[in-house]
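The values are calculated or read from the model by the stated rules, or taken from the named source; none is laboratory data. Everything quoted here is computed from the prediction, not taken from an experiment. FYI the Cβ positions are ideal-geometry reconstructions off the backbone, even for glycines, and counts take in every protein chain you see.
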Amino acid sequence: MPRLKKQNIIKRPRKRAIPLQTVKGMRDILPTEQFIWEHILNKSKKLCDDFGFRKIDIPILEYSELFKRGVGQTTDIVEKEMFSFETRGGDKVSLRPEGTAGIARAYIQNGMSRWTQPVKLYQEGSMFRYENPQEGRYREFHHFGFEIFGDGCPAIDAQVIYLAWKIFQKIGVKNLAIQINSIGCSECRPNYKNLLTDYYEMKINKLCVDCRKRLTKNPLRLLDCKEDKCMQVASSAPQIIDHLCGDCHDHFKNTLEFLDELELPYVLNSNLVRGLDYYTRTVFEIWSSDSDSLGRQSSLGGGGRYDDLIGVLGGGDVPAVGFAFGVERVVKKLLSGKISLDKKNTKQVFLVQLGDTAKKKALKLFDKLIDSKVSVGESLGRGSIKSQLKIANRFSSKFALIIGQKEALDGTVIIRDMESGIQEVITMDKVVGEVKRRLKK
Ligand code: AMP
């Protein structure tokens, strides 16, 4: 064999190792956790249906300008947390950091103002924020949210709060509190912002670095800073409730009266402002206290009225109100509370087979059983009857249907009661009927 000359040896570029882990702040939702997600989403969807909401899906990617204009240029979300990039065609786009701005865009784009008002929509899906990942805070997380467009009545604010509350109750979340405030409108808020800025300027030395920066850009956000020293300053700040215009005052009063009527327990929280620019009047969050001894509270979800958003986006005067909760936070809450949900992956019957002819018969029988709405498990890759019966036990199956070589030739099936171990031979054409009869017992 001729010796290879040096120049004939092709140097392959060394492949970089693939990092076998999720991107920072993102996580897999494994099958073992899915039952709890299904529980949360099914209950939420069912209640939204009952309340007359219809589902909407919108793209994950939107033009960045939508969030800049809708959510607000000076908000943390837009300033620091968006996953933004330019497409090959030069469009500036962002992964959605929240759902409301996109739904508002869809309302305008699809001419929903011509539909019967109010338009009630709900959505679920991934949101993306470039935040510092920590327990309960991810870079990809999931919102379940709902919005009502085209009705400015305070009863609608109360209905949204009521639905949010009811969803958590149905899901089984305990220790809930509704925190509520009004942040006024474009008439009364500027005046309050000036008062607040004057107050904070006098205390500037007592503020954290972030709040000093926020003071000129977004003074309302100083009220909900979680730094101890800022919280102390906030506790004596002027309260917006005392500076609402007549209409906002009446709107808030009426909303609270509706909540009283619905017997919903709420806490007036004058420091609750929410982090997004589009809110007007009612803002609220649903908090849940942790079961640890400190009784710490975390926000499961939040929402409020946003009467100016559709107008800001160019869609005219359409009042609106909405709410969204973080599914991961609720999952965590349910898991820590050790709620008992049926999380076992069970199958009513299990197909056991031996040999190739039996496998073919088993495949056909599997199809007949699922068409007859019998939940059925199988392990077609396994050869031994013993190992397949073990799996049947793991699925808590009531019956095993065994097709051995003899049965495959005879056109019969052995039906085995997994609890008593009693076995009976029946003909293939009678199996489905017999299984259904026995399951009914
Ligand atoms: P927001 O849109 O910021 O009001 O968020 C509404 C809810 O989404 C919060 O109450 C949380 O439950 C959830 N949430 C917000 N940001 C994150 C995040 N980075 N990771 C997980 N959940 C989040």
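The single residue among Gly383, Gly421 that is out of contact with any Leu (no Cβ under 6 Å at 6 or more places or on another chain), under 15 Å from Thr357 (Cα atoms) and either in contact (Cβ under 8 Å) with a residue 12 or more places away in the chain or in the same structural domain as Gln353 (by TED's automatic domain parsing) (or both) turns out to be Gly383.
Okay, residues lined up against (1) of a type outside the set (Val, Ile, Thr); (2) without any contact (Cβ under 8 Å) to a residue 12 or more places away in the chain; (3) farther than 21 Å from Val321 by Cα:
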position	(1), (2), (3)
Ile36	no, no, yes
Ile60	no, no, yes
Phe67	yes, no, no
Thr74	no, no, yes
Thr87	no, yes, yes
Asn110	yes, yes, no
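For the range 376-411, which positions are in a helix (DSSP H, G or I) and under 21 Å from Thr346 (Cα atoms)? Within the range 376-411, Ile385, Lys386, Ser387, Gln388, Leu389, Lys390, Ile391, Ala392, Asn393, Arg394 qualify. Contact map, the range 314-327: residues that are in the same structural domain as Lys166 (by TED's automatic domain parsing) and in contact (Cβ under 8 Å) with a residue 24 or more places away in the chain paired with residues that are away from the ligand (no atom under 15 Å from the Cβ) and assigned to a strand (DSSP E or B), Cβ distance under 6 Å, separation 6+ or inter-chain. Pairs shown: Val318/Phe149; Ala320/Phe149; Val321/Ile148. With the condition kept exactly as written, say whether any residue in the range 83-93 is buried (at least 21 other Cβ atoms within 10 Å of the Cβ) and more than 28 Å from Arg27 (Cβ to Cβ). Within the range 83-93 (the criterion being buried (at least 21 other Cβ atoms within 10 Å of the Cβ) and more than 28 Å from Arg27 (Cβ to Cβ)), the answer is no, since none of the residues qualifies. What number goes with the only condition from (1) surrounded by fewer than 17 Cβ atoms within 10 Å (Cβ to Cβ); (2) farther than 19 Å from Gly355 by Cα that Lys406 does not pass? Lys406 satisfies all of (1) surrounded by fewer than 17 Cβ atoms within 10 Å (Cβ to Cβ); (2) farther than 19 Å from Gly355 by Cα except (2).
In summary, Lys229 fulfils each of the numbered conditions (1) within 30 Å of the chain's Cα centre (by Cα); (2) more than 16 Å from the ligand (Cβ to nearest atom); (3) over 28 Å from Ile171 (Cα atoms) with the single exception of condition (1). Here Val119 meets each of (1) over 23 Å from Asp277 (Cα atoms); (2) in contact with a Phe, Trp or Tyr (Cβ under 9 Å, 6 or more places away or on another chain); (3) away from the ligand (no atom under 16 Å from the Cβ) with one exception, condition (1). A search for C-beta distances below 7 Å between a residue of the range 174-193 that is farther than 27 Å from Ser288 by Cβ and any residue that is in a strand (DSSP E or B), counting only pairs 6+ apart in sequence or on different chains, returns Gly184/Arg281; Cys185/Thr280; Cys185/Arg281.
For Ala237, the conditions (1) more than 17 Å from Arg274 (Cβ to Cβ); (2) not in a helix (DSSP H, G or I) all hold with the exception of (1).
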